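The values are calculated or read from the model by the stated rules, or taken from the named source; none is laboratory data. Worth saying up front: this structure is predicted, and the values here are computed from it rather than measured. Note that each Cβ is placed from the backbone with ideal geometry, even for glycine, and that neighbours are counted across all protein chains shown.
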Amino acid sequence: MQLQNAIVLVTGGASGLGRATATRFAKAGAHVVIADLASSPGVAVAAELGKNVIFSPTDVTSEADVLAALAAAEANFGKPVNVAINCAGIAVAQRTISKKGPHDLAAFQRVLNVNVAGTFNVIRLVAARLSETEAGVDGERGVIVDTASVAAFDGQIGQAAYAASKGAIAAMTLPIARDLSGFGIRICTIAPGLFKTPMLAGLPEQVQNELSKTVPFPARLGDPDEYAFLAQHIVENPMLNGEVIRLDGALRMAPK
């Protein structure tokens, strides 16, 4: 599938990896819906990226919000979404037990709800729409890209909730690919390492430099556009399906 004239939904598209993806895809000629929280800078980002980009306020755990974003895509661009990039997610840092007591259960459940249920909510609703569209080359109807993390495999101290959520995203990739294969819909997952997203970019330069040294090669933080570049390749390469791809410069996270 080519990005030129594709209709792309990017969750978490107002910042970080999502914003980089929306930017790259828009430059490649795609029509992009930035689906992010109403409190995000989504309106400004969409305006900055041009007339082929719109913003739809979206909580990914809300069926109504996701359906509204899909409807907005069709109303503005004349065709349904055929590419979805799931970048929306949250994290908490809490040990299973600490001096404050056991890990807060509500916080654990919220991370799973947003990261896992939110991602799956988008997948199921996009796939349902796609299943009713006309198939293209090789019977392909669309492509979905999810975002896990190296924490799915190398979770650090205090990352039980985050690692569990990203592990779930990685684990559901193959069964969903198998579920959707009969409809001509592909799905892959990217598992990024240390990337210069707003969270890491806000750390002191010395801390960023120390983190960079933990990456074997290239010994630096990843550029969000490198994530977007891989997402583009997944969309455009028809044999990529059901795979979880680490994007981490050979990084293996230490316990802390």
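Picking from ALA72, ALA20, ALA35, which residue would you name as being touching an Asp or Glu at 6+ places or on another chain (Cβ under 7 Å) and surrounded by 19 or more Cβ atoms within 10 Å (Cβ to Cβ)?
Going through ALA72, ALA20, ALA35 in turn, just one is touching an Asp or Glu at 6+ places or on another chain (Cβ under 7 Å) and surrounded by 19 or more Cβ atoms within 10 Å (Cβ to Cβ): ALA20.
In this structure, is ALA20 part of a helix (DSSP H, G or I), in contact with a helix residue (DSSP H, G or I) (Cβ under 9 Å, 6 or more places away or on another chain), small (Gly, Ala, Ser) and touching a residue at least 40 places away in the same chain (Cβ under 8 Å)?
yes
Condition first: part of a strand (DSSP E or B) and either more than 23 Å from GLN2 (Cα to Cα) or at pLDDT below 95 (or both). Can you find one or more residues in the range 69-89 that meet it?
No, the range 69-89 contains no residue that is part of a strand (DSSP E or B) and either more than 23 Å from GLN2 (Cα to Cα) or at pLDDT below 95 (or both).
When residues of the range 4-14 are filtered for being crowded, with 20+ Cβ neighbours inside 10 Å and in a loop (DSSP other than H, G, I, E, B), how many remain?
Selection size over the range 4-14: 4.
Regarding MET199, is this residue loosely packed, with under 15 Cβ neighbours inside 10 Å, touching a helix residue (DSSP H, G or I) at 6+ places or on another chain (Cβ under 9 Å), in contact (Cβ under 8 Å) with a residue 24 or more places away in the chain and closer than 27 Å to PHE120 by Cβ? Write out each step before concluding.
Working: loosely packed, with under 15 Cβ neighbours inside 10 Å: yes; touching a helix residue (DSSP H, G or I) at 6+ places or on another chain (Cβ under 9 Å): yes; in contact (Cβ under 8 Å) with a residue 24 or more places away in the chain: yes; closer than 27 Å to PHE120 by Cβ: yes.
Taking the combined requirement at face value, the residue satisfies it.
Which residue, of ALA14, ALA93, ALA64, ALA72, is within 18 Å of the chain's Cα centre (by Cα) and among the aliphatic types (A, V, I, L, M)?
Only one candidate passes the filter, namely ALA14.
Look at the range 177-190 and say how many of its residues are without any contact (Cβ under 8 Å) to a residue 60 or more places away in the chain, within 18 Å of ALA231 (Cβ to Cβ) and in a helix (DSSP H, G or I).
So the count comes out to 1.
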